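Just so it is clear, none of the values below were taken in a lab; they were calculated from the coordinates. In this text the structure is predicted, and so the values were computed from the model without any measurement. Reconstructed Cβ throughout: ideal geometry from the backbone, glycine too, with neighbour counts over all protein chains shown.
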Amino acid sequence: MNIETKTTAGQTMGIVGIILAVISLTLVFIPCIGFIGLLPAALALIFSIISIIQATNGYGSKGLGIGAMVVSLISIFLASVWLTFIGGGLAFINELENNPDRIEIFSKKLEKGLEDADIEIKIETDSMVKTLRSLESITDSSISKKDDAGKVKTARITIDTDSVRVHIEAKEKNKK
């Protein structure tokens, strides 16, 4: 009669896996750099699988290995979401830089949607404008005009980048 005795097989790898999984889970919640948690999560997944295999072969407890695997899979999912989000955002920005005419199409659609708000949007993508801005050293600006009662009547925002200047002006509509 064979009596199965529990051993500590796989516990060390399970501990390493759970520590890496917790580190990766912590990293994936850092905004904009959460995808960095993908590396420790992948390592945690490998260590947790090794832990489960060792525990199975040596009649050890699989709890740490399974816990590390679950946490590392959650971390891998969240890191992948960050990577997709950042990758998609960078692709969108790159496409806008390569096709400045799409910015104008977007602004026209935005103007059409906001006609009731009396908002004016100007986007300039001329190299002459870029040269003049660099000579004048114009920076981001925001100007608000107030009436006698202290209410804001007009707000103007200008954003300058290397290749595009966005000018947004919003005015309060006169109530009838």
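Once you put a point 7 Å from the Cα of Arg156 and another 7 Å from the Cα of Leu73, both along the Cβ direction, what distance in nm separates them?
Distance between label points: 5.8 nm.
Estimate the FRET efficiency between Leu90 and Ile49 by the formula 1/(1 + (r/R0)^6), using the beta-carbon distance for r and 41 Å for R0, to the nearest 0.05.
0.80
On full extension of the chain, what length is gained from Thr56 through Glu169, given 0.36 nm per residue of separation minus the C-alpha to C-alpha distance?
33.9 nm
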